[in-house]
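The next block holds one structure in the form of structure tokens; read it before the comments.
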């Protein structure tokens, strides 16, 4: 079974500061890992994904994440926060295995606040 | 990618009634899923909507409460039956393909009064 732990339900940064959102996973098989963003009153939008290729993954809006197997982590970073980055961020995991198991397991989410 | 349309986008319903949520995808997909997001919470998978067969429900969710239809590879419905205020949530439709990410609809924001 897979699980995801997001450390910090709320992260607050100043505009222009580094954004670091933490995600640790547990999986019995090689995982696929995802970061999704949810803006207020909207659905989920994919930021980036790890699917066993490059361990450093670049996504949209200047975000990137690094898959570290030894630490079972997939932390999300952005060098300089913008006001528009304020949203809820979800880390998710699913099996990277044969068959049709595309179900996602989500973390509890991290609310990012950006202060002017 | 896949474009997913969900209807209605929001609704306010009386307790004891039922609401059917529709999910339309712009292309054929193998897997369709329904998630619930309770206020301030993460997403929880309700069920996998299987085309041509009964949906597969996750622990804690039952067909009598959340009947699902999947008549073809581009459409599914989720019904929330005999609603109570505890059913107030965002319900999201999602689709998946092999070796790609999951795509989500905009969600249906349900308030039960």
So the compactness index of chain B, its C-alpha Rg divided by 2.2 N^0.38 Å, takes the value 0.99
With Cα springs under 10 Å, the Gaussian network model of chain A assigns the largest mean-square fluctuation among A:102, A:36, A:89 to A:102
The convex hull of the Cα atoms of the stretch A:1-111, divided by residue count, gives a volume in Å³ per residue of 99 Å³
Expected max-MSF residue from A:43, A:59, A:16 in the GNM of chain A (alpha carbon, under 10 Å) is A:43
One can check that the equivalent ellipsoid of the stretch A:56-96, built from the alpha-carbon gyration tensor with semi-axes equal to the square roots of five times its eigenvalues, has lengths in Å, largest first, of 21, 12, 9
One finds, for residue B:72 and residue A:83 with R0 = 41 angstrom and r their Cβ-Cβ distance, a FRET efficiency to the nearest 0.05 of 0.45
Per GNM of chain A with C-alpha springs under 10 angstrom, the most fluctuating residue out of A:49, A:103, A:58 is A:103
Across B:42-51, the residue-averaged tally of Cβ atoms belonging to other chains within 10 Å stands at 3
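Just checking the output field for B:100-107: average partner chain Cβ neighbours within 10 Å of each residue's Cβ?
Counting other chains' Cβ atoms within 10 Å and averaging over B:100-107 gives 6.
Any read-out appearing in this document is the output of simple, stated calculations on the displayed coordinates, not a laboratory observation. Since this is a predicted model, take the numbers as computed values, not measurements. Positions of Cβ are backbone-derived with ideal geometry, glycine not excepted, and every protein chain shown enters the neighbour counts.
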